[in-house]
1. Once phi is turned into θ = phi - 60°, what whole-Hz ³J(HN,Hα) does the Karplus curve with 6.51, -1.76 and 1.60 give for every residue of the range A:237-248, x standing for Gly and Pro?
2. What is the distance in Å between the Cα centroid of the range A:197-215 and that of the range B:153-201?
3. Please tell me which of these pairs span more than 29 angstrom C-alpha to C-alpha: A:K72/B:K192; A:K107/A:K306; A:K312/B:K192; A:K107/A:K157; A:K66/B:K192?
4. For A:E224 and A:D266, what is the calculated FRET efficiency with R₀ set at 30 Å and r taken between the beta-carbons, to the nearest 0.05?
5. Nearest 0.05, what FRET efficiency do A:A314 and B:T271 give at R0 = 25 Å with Cβ-Cβ as r?
6. If you take each beta carbon of peptide B:305-311 and count the beta carbons of other chains within 10 angstrom, what is the mean?
7. Could you work out the mean count of beta carbons from other protein chains within 10 Å of each residue's beta carbon in A:205-211?
8. Mind listing the long-range amide H neighbours of A:Y145? Cut-off is under 5 Å, sequence gap 5 or more, other chains count too, H placed in the peptide plane at 1.01 Å from N.
Amino acid sequence: MAEQNALAEHFERTIERDQRIEPRDWMPDAYRKTVLRQVAQHAHSEIIGMQPEGAWITRAPSLRRKAILLAKVQDEAGHGLYLYAAAETLGGDRMELTERLIAGAQKYSSIFNYPTLTFADVGVIGWLVDGAAICNQVPLCRSSYGPYARAMIRICKEESFHQRQGYELLMTMMRGTDAQREMVQDAVNRWWWPSLMMFGPPDAESTHTAQSMAWKIKRHTNDELRQRFVDMTVPQAEALGVTLPDPDLRWNPERGHYDFGEVDWDEFRRVISGDGPCNAERIAVRRAAHEEGAWVREAAAAHAAKRARRAKEAA
Amino acid sequence: MAPQNDTPPRSDMQSQTDTQPDASDNALVALSEEHDEHVRWAFGTGFHDPMAGVDTALPDGVDGNALAAYCLMLGDDALIMSHRLQEWCAHAPELEEEVALANIALDLLGQARLFLTRAGQADGTGRSEDDLAFFRDAGEFRNVRLVEAPRGDFAFAIARLLVFSTWRLALLDRLTASRDPVLAAIAAKGVKEVAYHRDHAALWTVRLGDGTDESHRRMRRALDDVWPYTEELFTAHDIERRMAEEGVGVDPSTLRAEFDAVIGEVLAEATLPRPDADARPGVGGGRDGVHSEELDALLAEMQSVARAHPGATW
């Protein structure tokens, strides 16, 4: 009991001093569970997030855009890999986590349940969705859990490239034809509100925020990050020449921030609980890849076992 | 964290500079002010201009139209093969393979861009890589038939990649000695890439061949399916023969011995028999623009956005 108290005290002190918790350190079960849930959801989001944009790789209208998009989607697979590796340091198993995802028992970002209807969506996803992801993720580079914080540093560097390529695509399209400008505005109209939902429910309704902030797993509240994203994005929209679809959006000099309208939280809850436009499709694709790949993974394991046996026999 | 200003932040860079947020928050880069400098920028592809400092004038005595036709052959092979690999995105059997297949697709796409650009220079039309990729019809594509066959299962993907990369590595290796400095430079870049592709395919051929009963059966069937396409790879087209005679290109019939030796070694290690299926009647003619319906469908998809917006810039 005394030993248990000493461990708990050491954990608390580490958090207080802004030092990192490492895999072999003692940590409360609830901390382990919370970080694991967060890292697994993030990993799932990277992998599911390959689908909406990946659908446009084969149709990209220039070879340069094709290369950029292919590289971007490849990065997302890489991010998924680092994050599943971080989850494994907490005792999560990639295969089990994947099975929980395709069984609907674990969530991923609600944003990927919206469809990508035109090539402008590729640009808007880079600009708004990756932009929102960066706002969420940059503070996580200081997460109290070491392996997650380190994975986030690398991921954030790549995400900032992703955001730039999206914005650059939109800038180029805005200098193109009228039809292209209309495509961009239409995509902005469809993605703006779902992007604001990416920061999660309002602070008053967020069940995990208080504990996660105390543990320094989370460094800012959902509403703080949402505000930061809006403040960052409005001038970018002006430079781009698009309108953000919110009649209540205006600068508030007293607050020093932009005021903005109310997010449709009912839609958010429905999408997160499986009732969004593409939830079934996203999971079906992931499930098919997983199930159709089973024989390949089994073969790789069987071959590795054969080699190990032969090496042993030869020794 | 946001500035307590009386006026809206002029741009993201401005607000970041004014408030000096946590060092780790600086990854939020300015977007609105930087876009003009990076119009030609592509990231993450390992792509730098391999043509920098390379003389793009045509070598003495080389017919520009013949050289362009030759570049289209090698460019279209890479472009269509890359497309079939892109189709694996979000469908690979494991995440490591998502990364690897995308990487191979990216390398081949990079090669295609260089060959197509050279084709547009060589024939004097000044057509860009995009003009050639998106505004030619199937009958003008010069790729071999192997690359246009539908995606298939993972065993088929590996069998096709093994055959394709073994053949292409032998070809690019010889092309590094081309009298055309542009082709020599593209080949030198491509050799390093395709050597990795061949290794990757060979490793998987061995794993699948010498894995489970099911993987052995699937790999064997995939090789049987791919094999009828191999003869075309080694059948010299007039353009290829002529380019080889002029010291610019490679006669593919000279590559067979190296191909057979490498494939033989891989199949032995993989405990797989060498397929004995001969060329299938009607398979071939890709170099003359004779293709399958599958290429029509592939191009309809690949070219759909570009053709729907003529005059657009991307």
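Values quoted throughout were computed directly from the atomic coordinates according to the rules given, and no laboratory measurement underlies them. Bear in mind the structure is a predicted one, so any value in this text is a computation, not a measurement. Glycine gets a Cβ as well: all are built from the backbone with ideal geometry, and neighbour counts include every protein chain shown.
1. Computed from phi, the couplings for the range A:237-248 are 4, 5, 4, 6, x, 10, 9, 8, x, 9, x, 8 Hz.
2. Each part's Cα centre sits 51 Å from the other's.
3. Beyond 29 Å between Cα atoms: A:K107/A:K306; A:K312/B:K192.
4. The formula returns an efficiency of 0.85 here.
5. Working from the Cβ atoms, E equals 0.90.
6. So the per-residue partner count for this stretch is 5.
7. Whole-number average of other-chain Cβ neighbours for A:205-211 is 0.
8. When sequence neighbours closer than 5 places are left aside, the close amide H contacts are A:I21.
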